[in-house]
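J.: Would you mind keeping the following structure in view while I ask a few things?
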Amino acid sequence: MSVQMHLGVLADPSRGSEPVDIRGEDPGALRAYLRKMVLIRRAEEIIGDRVASGEVRTPCHLAIGQEAIAVGVSASLRPTDRVFGAHRSHSHYLALGGDLEALFAEVLGRDSGCSRGMGGSMHLYAGHVGFLGSVPIVAGTVPLAVGAALAARKDGRGDIAVAYFGDGAAEEGAVHESFNLAALWKLPVLFVCENNLFSSHLHISLRQPGDRVARFAEAHGMEARTVDGNDVVAVARTVRELVGRLRRGEGPAMIEAVTYRWRGHVGPREDDDVGVNRSRDLVLWRRRDPVRRLADAMASARLLDEESFAELQTQVAEEVRDAWARAEKAPWPPREALLSRVYWHGRGQ
Amino acid sequence: MRRLRYGEAIREAFMYLLDHDPKVFVIGQGLWSPWYVGSSMTDLDKLYGPERIMDSPVSELACTGAAVGAALCGYRPIVVHPRMDFLLYAMDSIVNQAAKWAHMLGGQAHPAVTVRSIINRGGEQGAQHSQALHAWFAHVPGLRVVMPATPEDARDLLIAAVWCDDPVLYVDDRWLYELEEDVGDVTVRSLAEESPKVRRHGTDVTLVGAGYSTRLCMEAAKQLTLDGIEAEVVDLRVLNPLSIEVPAESVARTGRLCVVDGGWRTCGLAGEVMASVLERTGPRVMRAAPKRVTLPDAPAPTSRVLEEAYYPNVDTVVRAVKELF
């Protein structure tokens, strides 16, 4: 059997702008997906605006346009699962139920931030919902998730680990070592590759001989699926099935969700002047808007009308605005935090 | 009291931990093979089974990262790297992830992982099978670095490392495995409370070492008595966070300092100890300029003739100390 190297139509920006297929899906679940995606988008828009205005200085990597993946993945997770993120993890954190105001306070560097103002946008934590941490070293958390899966198997309660990473991480040795370990030891870890076709400014065609990252998982004998990452229902369905396998102890799995980020690698700009084909493709990818495609499908199925969608957006916008206003008033970390957290409980200083 | 060798002491620590703590497991290369790690882990796989003694693929980065991940989920894994040279593949997991985790996430999570790394040199093993890189790691805030010099410390500091809530790099040395000394019963210590110890009292000069270098200091001190020099020997034991009180107080009394280290000279442990001691004591107590005995700033050679010139030995230390008088 030859290796399937390429994504084909999934990476073709002129395709896939139709409403998503919601047949058989629970209406309540669909409403929840829509609300979460809108929340993530509004939250990231305000963060982007405040980066542009200079109020936020920490490097912020925005996932606008990619919201469906985290929302679809999180639908099958529970708080005792162990999720690790990367540099672009606001969406992962929020989709799991991480506190909005604490996220804002974190990017503002405040003491009430989700990492007590010590991490910024690139180091998020929400242990109570299973988000164990995010880091910007590409692929840095992938082996950690493998270890969390080893711990989950030892615990024997059917919990799983999740490693979010991008297509660029597939170029790191850490990922391949991790795949090997997870497959060898049949560990319950779901590898979630958000393939947005770009690593910083460089298109995947300039970095890999193929654009389909799932081929690496297949090479390790892992169950792997490649899906439209802008289709929240497709992501949720696929993850539901894979997570079922994981909880039953059938070994690791991978989902590759193909998507596109609307903003630059870092910061609020669209960066349509950098990278191969970006200016042309971004226009087309906006038509594959994951929020719009779900809203349209729900409208067709009479689960949503324009009025209630507008109301939802207004509610979320207010929620975001209020949370930001509270976060802005939060205190800065105390000076002693510089040294008191180097060692656990500050001992050894 | 009973006699115990350093290598066997490490093995006893593993057994103690595995017997007392179900959250402890061990992962690394060569754990099911007797030659990789000397006498320090013989038959542990047979006693505790392959789930707790996990021999691993040749993946230093992923195995170390996996240990960090398991530690974040409440386990107390020990990763074994039979040679420090190979540890460099795991730098990200140790330096970027484990060492920073508690601080960068606001003190809400902490990987209680122990990375055991063995210095294994000599025997014409050459540039990539000989390195002692403890000073690199001691440079990193958040990573505790432990270097035992005695069988008792080899055992008790390993136990303390594994039960410490912070990530710890535990560095043991194959040149010490046959060292036999009297040891007492296991003493459970809090690593954060451990600090340098005076191993031998003396009035004329302070010798400071860590791990095998402490042995060199002890042997040199014996020889120096023949010349009427009474050397005090300070064993650092914990390199990071480095506590300087004990060596500084010693130097304040003796007025002379010679630091011995099995690492390189530039930006090394010896230079750090000299600087920290002098900052504390001030120059007036010094009766001579301080000295350091280290490796030359060169990779390890293979040929035995060059090796002999490369590694500090008791004579090198004795000669250096005599120059202080």
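The values are calculated or read from the model by the stated rules, or taken from the named source; none is laboratory data. Predicted model, so just to flag it, every value in this text is computed and none were measured. Neighbour counts run over all protein chains shown; Cβ positions are idealised from the backbone, glycine included. Heavy atoms of the whole protein, side chains included, go into the accessibility calculation; ligands, DNA and RNA do not. Shrake-Rupley method; radii C 1.70, N 1.55, O 1.52, S 1.80 Å.
J.: So what does residue B:310 come to for accessible area, using a 1.4 Å probe and Å² rounded to 10?
T.: Surface open to solvent at residue B:310 totals about 20 Å².
J.: Per the helix-only calculation at 222 nm, which mean residue ellipticity applies to chain A, given -39500 (n - 2.57) for every DSSP H run of n ≥ 4 and division by its residues, nearest 500 deg cm²/dmol?
T.: Working: 12 runs with 144 residues, N = 349.
That comes out to -13000 deg cm²/dmol.
J.: Express the carbon and sulfur contribution to the solvent-accessible surface of the protein assembly as shown as a percent, rounded to the nearest whole number, probe 1.4 angstrom. Before the final figure, lay out the partial values.
T.: Numbers: 13120 of 25480 Å².
C and S atoms contribute 51 percent here.
J.: For residue A:254, list long-range residues whose amide hydrogen, built 1.01 Å from N in the peptide plane, is under 5 Å from its own amide hydrogen.
T.: A:191, A:223, A:224, A:225
J.: Let me ask you something else. Binning at 10 Å from 0, report for the protein assembly as shown what percent of all alpha-carbon pair distances ends up in each bin.
T.: Each 10 Å bin holds this share of Cα pairs: 3, 15, 23, 22, 16, 11, 7, 3, 1, 0.
J.: Hey, if you drop one equal point scatterer on each alpha-carbon of segment B:2-193 and run the Debye formula without solvent, what base-10 log of I(q)/I(0) do you get at q = 0.10, 0.14 Å⁻¹?
T.: With one equal scatterer per Cα and no solvent, log10 I(q)/I(0) is -0.35, -0.72.
J.: Taking all pairs of different Cα atoms in segment A:1-63, averaging 1/r and flipping that mean, what Kirkwood radius in angstroms comes out?
T.: Values: mean 1/r = 0.0643 Å⁻¹.
Final number for the Kirkwood radius of segment A:1-63 is 15.6 Å.
J.: In addition: Taking the solvent-accessible surface of protein heavy atoms with a 1.4 Å probe, what is the per residue accessible area of segment A:106-251 in Å²? Could the numbers behind the result be given before it?
T.: Working: 4120 Å² over 146 residues.
Counting only protein heavy atoms, the per-residue value for segment A:106-251 is 28 Å².
J.: For segment B:197-322, just the Cα set please: Rg and Dmax, both in angstrom.
T.: Every Cα atom of segment B:197-322 included, Rg and Dmax give 13.8, 44 Å.
J.: Can I ask one more? Could you work out, for chain A, what percent of all Cα-Cα pairs fall into each 20 Å distance bin, beginning at 0 Å and stopping at the bin that holds the largest distance?
T.: In whole percents, the pair-distance histogram is 31, 60, 9, 0.
J.: Right, something else. Starting from the amide H of residue B:24, placed 1.01 Å from N in the peptide plane, find each other amide H under 5 Å away whose residue is 5 or more places distant or on another chain.
T.: For residue B:24, whose amide H was placed from the backbone, the distant partners under 5 Å are B:76.
J.: Note the buried accessible area between A and B here, summed over both chains, with a 1.4 Å probe, in Å² to the nearest 100. Walk me through the numbers on the way to the answer.
T.: Numbers: alone 15160 and 13810 Å², together 25480 Å².
The A and B chains share an interface burying roughly 3500 Å².
J.: Each label point is 7 Å from the Cα along the Cα-to-Cβ direction; what then is the distance between the points at residue A:274 and residue B:222, in nm?
T.: Label-label distance for residue A:274 and residue B:222, simple model: 6.4 nm.
J.: For residue B:305 and residue A:53, what does the FRET efficiency come to when R0 = 56 Å and r is the distance between their Cβ atoms, rounded to the nearest 0.05? Don't jump to the answer; show the numbers that get you there.
T.: On the way: r = 68 Å, r/R0 = 1.21.
E between residue B:305 and residue A:53, to the nearest 0.05, is 0.25.
J.: Here's something else I'd like to know. Please state the shape class of segment B:77-177: rounded when a/c is under 1.5, otherwise prolate if a/b exceeds b/c and oblate if not, all from the C-alpha gyration tensor.
T.: Values: a/c = 2.60, a/b = 1.49, b/c = 1.75.
Oblate.
J.: Okay, moving on. Need one number: the % of Cα-Cα pairs in segment A:159-270 sitting beyond the 21 Å mark. If you can, show how the numbers build up before the last one.
T.: Values: 2193 of 6216 pairs.
For segment A:159-270, the share of Cα pairs beyond 21 Å comes to 35 percent.
J.: Here's another thing I want to ask about it. How many Å³ per residue does the convex hull of the Cα positions in chain B occupy? If you can, show how the numbers build up before the last one.
T.: Values: hull volume 41.5 nm³, N = 325.
Expressed per residue, the convex hull around the Cα atoms of chain B is 128 Å³.
J.: Here is a further query. Give me the log10 of I(q) over I(0) for segment B:161-256 at q = 0.12, 0.21, 0.22, 0.23 Å⁻¹, as the Debye formula computes it from C-alpha points; what are the numbers?
T.: Evaluating at q = 0.12, 0.21, 0.22, 0.23 Å⁻¹ gives log10 I(q)/I(0) of -0.44, -1.16, -1.21, -1.26.
J.: At R0 = 30 Å, how high is the FRET efficiency between residue B:20 and residue B:316 if r is their beta carbon distance? Nearest 0.05 is fine. The partial results should precede the final answer.
T.: Values: r = 42 Å, r/R0 = 1.39.
For R0 = 30 Å, the calculated efficiency reads 0.10.
J.: While we're looking at this one, here's another question. Per residue of segment A:110-115, in order, report the coupling 6.51 cos²θ - 1.76 cosθ + 1.60 (Karplus, θ = phi - 60°) as ³J(HN,Hα) in whole Hz, putting x for Gly and Pro.
T.: Result, rounded to whole Hz: 9, 5, 8, x, 5, 10.
J.: Also, I was wondering about something else. Show me the ranking of peptides A:71-77, A:295-301 by mean Cβ neighbours inside 10 Å, starting with the highest.
T.: Output ranking for A:71-77, A:295-301: A:71-77, A:295-301.
J.: If you count, for every residue in A:335-343, the Cβ atoms of partner chains within 10 Å of its Cβ, what is the mean? Walk me through the numbers on the way to the answer.
T.: Details: counts 0, 0, 3, 1, 2, 2, 9, 10, 15.
Neighbouring Cβ atoms belonging to other protein chains average 5 per residue here.
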